[in-house]
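Would you mind keeping the following structure in view while I ask a few things?
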Amino acid sequence: MEVDRRRVLRAGGAIGAGLALGAAAGCSGGSDTAAAGGADGERDRGRITVWSWQGPAAELTALVPEFHAKYPGIEVTVEDIGNPAIWDKITTGLAAGGQGLADVLHIGVDYLPGYVEKFPGGLADLAPLGATAHKDAFAPGLWQTVSPDGKRVNALPWEANSAGFWYRADLFEEAGVDAEALQTWDDAVEAGKQLKAKTGTFLIGLDKPASQSDAANFFQMLLQLQGAFYFDLQGRITLGSPEAVKAMTLIKTLNDAGLVADLAGGWNALMSALKQGTTAVQPMPTWFGGIIEEQVPGEAGKWKVRLPPAVRRGGSGAATVNSTHLAVAGGSRHRAAAWSFVEFALTRPASQVRIYRDKGIAPALMAAYEDSLFHEPSAFFSGQRKGETFLAALKAPQPAFDYTADYARALKLATDAQSKVLLKGADPAGALRDAADQLARQTGRKAVR
């Protein structure tokens, strides 16, 4: 789980402190030969280290024997740094000019732009190594995330999680509500009222006091379903946009109707609500299906999944709400060998199918979905082919989102605004306008409405 990984960047201080050192990050022992694409066999030899966390680290380790068979001259060591510990360690290494960093780094979408902006050269440009050959291989919108200018490639996409609407089908049936017929979140509000009256369950749960940094995940999902975010692609602040106001107004409507359970305490409270069945819907990404199966195995056949209702009638129910990537440290002495491992892990369907089979990590690599594994019915989810559900979302046209180096600040202000709305009845438009203005003062970015 990655629920706490934003903690390091919340104030932006750790990255900002290393800004002066960032320009040197790509000069700490990097090989010119490797950077040029692996001439003289550099691509086929070297000793590299990979940093990841928990499940992903285990899956990368499982790929090593097969990788070694293809590249016998490359030795690979995968280290499980832990999450959120990995973000401290990468930030510290980048701030030290690349000293002590692994060759391959597993990086979340909320950290990648900050590392690139604050530490020029800290991550290797993968374009000279051959990355652009894979430009069209990934889900829509993700290439612009790793290559904003269309030239330099800062990483390759690994996982792509779409917004999901995981729901207790038995509770909807008991309440006489057809969950599949919900076209908009306004429809879901009305359904939630009927669910509450008939079954006593809340529709969704939110961490109302924002006790954890990911308390605004639902708000962010509603933004992305509208093709909007905290910033536009020019880096301007859009926290007070009509789309943001619509999203926060919807949250207020749900709360005022008594349909939102308070999950103060974050992940532990969420798991408790899941086990106790106090909420009928989990508006969570692709990976959450595995959590449901793990936490409530006795509820097989009671759960189903669909894409979320649109925020506005006729709008989209598809949104890639988060992703992770593999990057190569700019100071790596074996950049070409490191790239060989990244390419092997992320651009081969066989690698991604294996990882999905073992850990349910949804690939960004579209060719992987040709495997039958993604089209098998799930006994737990009432025979649904949930892989096809999320594949439909990944295929849908989607914009890129610019997280910027100031994402953590925006996230903190968004969660604070949400808490004011949920706990104090604040006006959504006013709370978001104040948050946008405060973010502009903190960052020097222009706020647009």
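The values are calculated or read from the model by the stated rules, or taken from the named source; none is laboratory data. What you see is a predicted model; the values in this text were computed from it and never measured. Cβ sites come from the backbone with ideal geometry, for glycine too, and all protein chains shown count toward neighbours.
Scan the stretch 374-385 and give yes if some residue there is assigned to a helix (DSSP H, G or I), surrounded by fewer than 21 Cβ atoms within 10 Å (Cβ to Cβ) and touching a residue at least 40 places away in the same chain (Cβ under 8 Å), otherwise no. So that I can check it myself, show each step before the final result.
Step one: of the stretch 374-385, the residues assigned to a helix (DSSP H, G or I) are 374-375.
Restricting the remaining residues to those that are surrounded by fewer than 21 Cβ atoms within 10 Å (Cβ to Cβ) gives 374-375.
If we keep only those that are touching a residue at least 40 places away in the same chain (Cβ under 8 Å) too, we end up with none.
Looking through the stretch 374-385, none of the residues is assigned to a helix (DSSP H, G or I), surrounded by fewer than 21 Cβ atoms within 10 Å (Cβ to Cβ) and touching a residue at least 40 places away in the same chain (Cβ under 8 Å).
Moving to a separate point now. Please verify whether R306 is surrounded by fewer than 24 Cβ atoms within 10 Å (Cβ to Cβ) and out of contact with any Lys or Arg (no Cβ under 6 Å at 6 or more places or on another chain), treating the condition exactly as stated.
The answer is yes for R306.
Does the stretch 277-296 hold any residues that are over 19 Å from L195 (Cα atoms) and either among the charged types (D, E, K, R) or crowded, with 17+ Cβ neighbours inside 10 Å (or both), and which are they?
Once the filter is applied, which keeps residues that are over 19 Å from L195 (Cα atoms) and either among the charged types (D, E, K, R) or crowded, with 17+ Cβ neighbours inside 10 Å (or both), the stretch 277-296 yields M284, P285, T286, W287, F288, G289, I291, I292, E293, E294, V296.
Being surrounded by 14 or more Cβ atoms within 10 Å (Cβ to Cβ), over 27 Å from the mean Cα position of the chain (by Cα) and aliphatic (A, V, I, L, M) is the filter here; which residues of the stretch 64-80 pass it?
I74
For the stretch 192-204, indicate whether the set of residues that are without any contact (Cβ under 8 Å) to a residue 24 or more places away in the chain, assigned to a helix (DSSP H, G or I), over 23 Å from the mean Cα position of the chain (by Cα) and surrounded by fewer than 22 Cβ atoms within 10 Å (Cβ to Cβ) is non-empty.
Yes, that holds for at least one residue.
Tell me the residue from G114, G97, G93, G150 that is surrounded by fewer than 21 Cβ atoms within 10 Å (Cβ to Cβ) and in the same structural domain as A337 (by TED's automatic domain parsing), please.
G150
A follow-up question, please. Out of all the residues in the stretch 143-162, is one or more touching a residue at least 24 places away in the same chain (Cβ under 8 Å), farther than 22 Å from F231 by Cα, β-branched (V, I, T) and not in a helix (DSSP H, G or I)?
No, the stretch 143-162 has no match at all.
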